[in-house]
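Shown next, in C-alpha cells, is the structure this report addresses.
The values are calculated or read from the model by the stated rules, or taken from the named source; none is laboratory data. In this text the structure is predicted, and so the values were computed from the model without any measurement. Please note: Cβ atoms are built from the backbone with ideal geometry, for glycine as well, and neighbour counts cover all protein chains shown. These area figures cover heavy atoms from the full protein model, side chains too; ligands, DNA and RNA do not enter into them. Shrake-Rupley method; radii C 1.70, N 1.55, O 1.52, S 1.80 Å.
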Amino acid sequence: MTSFKLGGMTFGSLFKKPETCQYPAEKKEAPVGLRGHIVIDEDKCILCGICQKACPCDAINVDRKGRIWAIYSFHCILCDSCVRACPRQALSTSPDLKSVTTGKFESVSFIPDPKVDKA
Ligand code: SF4
Ligand code: SF4
C-alpha cells in the first residue's frame, strides 16, 4: 500500500514544477513574516548592551569603547529576543535573506557618537 502511495507521488512529481530553485541566480518571493536577518538602526542605538545579554546564542557583541555593535549571523537563530529587548527599538528583523557568502564573519556596525556629531 505504501509503495503505491510513494509511486503515485513520484509519478505526480514528474509533471509538477520543481519546488527548489537555482539560488542565488533565482530567488523565491519571501513569505509574509519571514525573519531573514537582524538589522540595526545605528542612529537609535545607545550601546547599552541589553541585546547582547538577551541573546541566547552569544551572537551579539557590543563594544562601548570602540562604539561597535556586531552580530555573528552564523550563531543567530532569529529568535527575536534582541529586537524585543532593545529599549530604543533600534533592532528589527528584515524579511530579506542575507547575501550568499563563502566565509563566516561578523557584521559590524559603527555607532555614531552624538557628542562628536554635535560638536
Ligand atoms: S541595539 Fe538596542 S539593546 Fe542593543 S546596544 Fe543598541 S540600544 Fe542597546
Ligand atoms: S535574534 Fe535571537 S539569536 Fe539572533 S541575535 Fe537576536 S537574540 Fe540573538
Compute the angle between helix 2-13 and the longest alpha-carbon principal axis of the chain, please, reported from 0 to 90 degrees and rounded to the nearest 10.
70 degrees
Let me check against my output: what whole-number percent is the relative contact order of the range 32-118, with C-alpha pairs under 8 Å and at least 6 apart?
41 percent
The chain: most fluctuating residue of VAL108, VAL83, VAL32 per GNM, C-alpha cutoff 10 Å
VAL32
Tell me the carbon and sulfur percent of the accessible area for the chain, rounded to whole percent, probe radius 1.4 Å.
58 percent
The range 32-118 - Rg and Dmax from Cα coordinates, angstrom:
12.9, 40
How far, in nm, would the chain grow between ARG84 and PHE4 when pulled straight, counting 0.36 nm per residue and subtracting the alpha carbon separation?
23.9 nm
In the chain, what cysteines have no partner Cβ closer than 4.7 Å?
CYS21, CYS45, CYS48, CYS55, CYS57, CYS76, CYS79, CYS86
Under 15 Å from the Cβ of TRP69, count the other residues' Cβ atoms, weight Lys and Arg +1, Asp and Glu -1, and hand me the total.
-1
Of the options ILE40, PHE15, HIS75, report the single residue whose Cα projects farthest towards the positive end of the charge dipole of the chain (beta-carbon charges: Lys, Arg +1; Asp, Glu -1).
PHE15
Contour minus Cα-Cα distance for ALA25 and ARG64 (0.36 nm per residue)
10.1 nm
Compare the Cα positions of PHE105, LEU91, GLY66 along the charge dipole of the range 32-118 (+1 at Cβ of Lys, Arg; -1 at Cβ of Asp, Glu; about the Cα centre) and return the one farthest towards the positive end.
GLY66
Relative to the Cα centre, what is the charge dipole magnitude of the chain, using +1 at the beta carbon of each Lys and Arg, -1 at the beta carbon of each Asp and Glu, and rounding to the nearest 20 debye?
200 debye
Take VAL116, project a point 7 Å from its Cα along the Cβ direction, then tell me which residues of the range 30-71 have their backbone nitrogen under 18 Å from it.
41-48, 62-70
Name all residues of the range 25-55 having a backbone nitrogen under 17 Å from the label point set 7 Å from the Cα of SER109 along its Cα→Cβ direction, giving them as ranges.
35-55
Return the calculated 222 nm mean residue ellipticity for the chain, to the nearest 500 deg cm²/dmol, obtained by summing -39500 (n - 2.57) across DSSP H runs with n ≥ 4 and dividing by the residue count.
-5500 deg cm²/dmol
